[in-house]
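Heads up: the structure comes next, in structure tokens.
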Ligand SMILES: Cc1ncc(C[n+]2csc(CCOP(=O)(O)OP(=O)(O)O)c2C)c(N)n1
Ligand SMILES: [Mg+2]
């Protein structure tokens, strides 16, 4: 009906835009791969490193939840089930590429060499843990949803302006793609052809809001088209496919930005303050658990004789030691109480200054 009204009196009708989103998978749930799609640089040694990093992410995650339950850490956002997105993208980054995370990319930090101590320090509530060493080439975690997006596009613009040859990877959740900041960032990126790769970590949930209520769009990758940039959808539980799509996007970033939607699943709670049993069924979760990203890489490597229960036990043992010493170092941290007044602003505003003086005068932070 509407179409008839629009077309009345129009002499020329043609498609002004056509688009389709491709979906990539290299390795299926049983760990079988399409060898013709395998990137040659992903050697067995590299795949083993990826699996170990995914396991480290999972083990560090479990430890953080346990610490929170014991009152030794603050609210924590687990990344259980989303390890392939973290490690697949991080493995594809070149040394000087810069990542701009949201708050569920712990594995990216580990893959880029963030000391364990800082990871736990942050989730124990200390800003010092979010002061990322320069060699990690990553931004601090951004909990306010989508606020990292304008930063990432500005950073990518700077890479282009300064001709560094580096690309920027920005991470965002499915929920985050509904925010204005997301659209503004990809719009700017498209207009200025900046070297930005936007990774949508679509874990099907934004706290209790399911993906179906987030957007009526069939894919989130197609949002890229409105900004005039390419978009692709990837099996986000397939570390090899995630790697491949990211490596290609980073290579292409010199010519402009792109969006990769990684379809994965938040296997755990949103944060330790959340109870997902209130809003999703066990059946739904168990269907997704069959697609576990770690399991399928293990199956693939086991078939090649490169992974076994014995190797796993040894790796887990080593990782536990690394994790435990990170926790120990974080718990030994003695914060400067003044930092809670000084970290937020470049200068201490008058109102906070009064509180600071009052605290000093009354020795509030001596704990006695
Ligand atoms: C601007 C803003 N609004 C609301 C919140 C509360 N909040 C924290 S996480 C979240 C959902 C994010 O969902 P998604 O982007 O899919 O990321 P996920 O948590 O699934 O990784 C919300 C609404 C926030 N942190 N920031
Ligand atoms: Mg989400």
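The values are calculated or read from the model by the stated rules, or taken from the named source; none is laboratory data. Bear in mind the structure is a predicted one, so any value in this text is a computation, not a measurement. Virtual Cβ from ideal backbone geometry, glycine too; neighbours counted across all protein chains shown.
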- Give the residue that is farthest from ligand 2 (Cβ to nearest atom), with candidates limited to residues of region 154-174 that are surrounded by fewer than 24 Cβ atoms within 10 Å (Cβ to Cβ) and assigned to a helix (DSSP H, G or I). 161
- Message: For the list (1) within 16 Å of ligand 2 (Cβ to nearest atom); (2) modelled with pLDDT of 95 or more, I need the number of the one condition that residue 284 fails.
- Response: (2)
- Query: Among all residue pairs at least 6 apart or on different chains, which show Cβ distances below 9 Å where the first residue, located in region 97-123, is without any contact (Cβ under 8 Å) to a residue 24 or more places away in the chain and the second is within 16 Å of ligand 2 (Cβ to nearest atom)?
  - Reply: 122/141
- Go through region 254-269 and give me each residue that's in contact with a helix residue (DSSP H, G or I) (Cβ under 8 Å, 6 or more places away or on another chain) and closer than 17 Å to residue 228 by Cβ. 256, 257, 258, 259, 260
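Find the residue count for region 100-123, including only residues that are within 16 Å of ligand 1 (Cβ to nearest atom) and more than 9 Å from the chain's Cα centre (by Cα). If you could, list the steps in order and put the result at the bottom.
Residues of region 100-123 within 16 Å of ligand 1 (Cβ to nearest atom): 100-109, 122-123.
With more than 9 Å from the chain's Cα centre (by Cα) added as a condition, the list becomes 109, 122-123.
Total satisfying the criteria: 3.
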- Note on the structure: How many residues of region 151-181 are within 15 Å of ligand 1 (Cβ to nearest atom), touching a strand residue (DSSP E or B) at 6+ places or on another chain (Cβ under 7 Å) and in contact (Cβ under 8 Å) with a residue 40 or more places away in the chain? The answer is 8
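Quick one: would you say residue 108 is touching a strand residue (DSSP E or B) at 6+ places or on another chain (Cβ under 9 Å), in the same structural domain as residue 241 (by TED's automatic domain parsing), crowded, with 23+ Cβ neighbours inside 10 Å and closer than 25 Å to residue 322 by Cα?
On the way: touching a strand residue (DSSP E or B) at 6+ places or on another chain (Cβ under 9 Å): yes; in the same structural domain as residue 241 (by TED's automatic domain parsing): yes; crowded, with 23+ Cβ neighbours inside 10 Å: yes; closer than 25 Å to residue 322 by Cα: yes.
Taking the combined requirement at face value, the residue satisfies it.
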- Message: Step by step: first the residues of region 87-96, then only those that are touching a residue at least 40 places away in the same chain (Cβ under 8 Å) and touching a helix residue (DSSP H, G or I) at 6+ places or on another chain (Cβ under 6 Å), then the one that is surrounded by the most Cβ atoms within 10 Å (Cβ to Cβ). Which residue is that?
- Response: 88
- Message: On the basis of being under 21 Å from residue 343 (Cβ atoms) and more than 16 Å from ligand 2 (Cβ to nearest atom), does residue 130 make the cut?
- Response: yes
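Among residues belonging to region 175-203 that are within 16 Å of ligand 2 (Cβ to nearest atom) and part of a loop (DSSP other than H, G, I, E, B), point out the one that is surrounded by the fewest Cβ atoms within 10 Å (Cβ to Cβ). Full working, then the answer.
First, pick out the residues of region 175-203 that are within 16 Å of ligand 2 (Cβ to nearest atom): 175-179, 181-182, 198-203.
Imposing the further condition that a residue be part of a loop (DSSP other than H, G, I, E, B) reduces the set to 179, 203.
Numbers: 179: 17, 203: 26.
Top of the filtered list is 179.
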